[in-house]
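S.K.: One structure is given below, represented as structure tokens, and several questions about it will come after.
The values are calculated or read from the model by the stated rules, or taken from the named source; none is laboratory data. Note that the structure is predicted; figures quoted are calculated from it, not measured. A quick note on method: Cβ atoms are made from the backbone with ideal geometry, for glycine too, and the neighbour counts reach across all protein chains shown.
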Amino acid sequence: MDARLDLHANPLAGKLYKHLGAAGKVITESTLPTATQELVKLRASQINGCGFCTDMHAKDALAAGESQTRLNLVAVWREATVFTEAERAALELTEQGTRIADAAGGVSDEVWANAAGHYDEDQLTALVALIALINAYNRANVIVRQPAGDYVPGMFG
């Protein structure tokens, strides 16, 4: 399977992704826990059906020391006992923020309050930005049908 458009070779895409990458670096360097960041990226990618990002973020999380058990259970986190209450709050915010078009009210006050009970203002800012950013990446990859499976951790820098 080939992508409809090679976003990794196109010069304009390169310029765009440079800026998205800079935004991602700000999030990576925030105080939002790395494990939470990886879980959020993986869950949003699963919801959006982005094979490329699902592959990438599962492999990156493993390389960063995440357990295979937790990665296996991200899609069913509500039934799993391996996530902290803070991680659960972030995953719920991720789901509602990713499925924003499915609910007229967007993210509920209850879900926001739960996340705000676990994360400070800077962490919430990073979490909101991360949800928005991974959704942007997911959408671009799904639109161009970016193939999945060949990602190697660190290959993009």
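Matching residues to (1) surrounded by 18 or more Cβ atoms within 10 Å (Cβ to Cβ); (2) free of Cβ contacts under 8 Å to residues at least 40 places away in the same chain; (3) of a type in the set (D, E, K, R); (4) within 24 Å of residue 89 (Cβ to Cβ):
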| site | (1), (2), (3), (4) |
| --- | --- |
| 4 | no, no, yes, no |
| 10 | no, yes, no, no |
| 13 | no, yes, no, no |
| 24 | yes, no, no, yes |
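S.K.: Residues of region 126-155 being free of Cβ contacts under 8 Å to residues at least 60 places away in the same chain and part of a helix (DSSP H, G or I), which ones?
M.R.: Residues satisfying the conditions are 128, 132.
Conditions (1) in a loop (DSSP other than H, G, I, E, B); (2) out of contact with any Pro (no Cβ under 6 Å at 6 or more places or on another chain); (3) among the basic types (Lys, Arg); (4) under 26 Å from residue 152 (Cβ atoms), marked per residue:
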position: 49; (1), (2), (3), (4): yes, yes, no, yes
position: 56; (1), (2), (3), (4): no, yes, no, yes
position: 65; (1), (2), (3), (4): yes, yes, no, yes
position: 95; (1), (2), (3), (4): no, yes, no, no
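S.K.: Looking only at residues in region 31-60 that are surrounded by fewer than 17 Cβ atoms within 10 Å (Cβ to Cβ) and polar (S, T, N, Q), which one is modelled with the lowest pLDDT?
M.R.: Result: 34.
S.K.: Residues 121, 110, 79, 66: which one is buried (at least 18 other Cβ atoms within 10 Å of the Cβ) and either among the charged types (D, E, K, R) or farther than 24 Å from residue 148 by Cβ (or both)?
M.R.: 66
S.K.: Hey, can you tell me all the residues within region 26-60 that are under 21 Å from residue 91 (Cβ atoms) and of a type in the set (D, E, K, R)?
M.R.: If the condition is that a residue be under 21 Å from residue 91 (Cβ atoms) and of a type in the set (D, E, K, R), then 38, 41, 43, 55, 59, 60 are the ones that fit.
S.K.: Confirm whether residue 130 is at pLDDT 95 or above, surrounded by 18 or more Cβ atoms within 10 Å (Cβ to Cβ) and closer than 20 Å to residue 60 by Cα.
M.R.: Yes: the conditions hold for residue 130.
S.K.: To continue, here is another question. Checking the conditions here, which among 100, 131 is out of contact with any His (no Cβ under 6 Å at 6 or more places or on another chain), over 15 Å from residue 42 (Cα atoms) and of a type in the set (Val, Ile, Thr)?
M.R.: Just a single option satisfies the conditions, and that option is 100.
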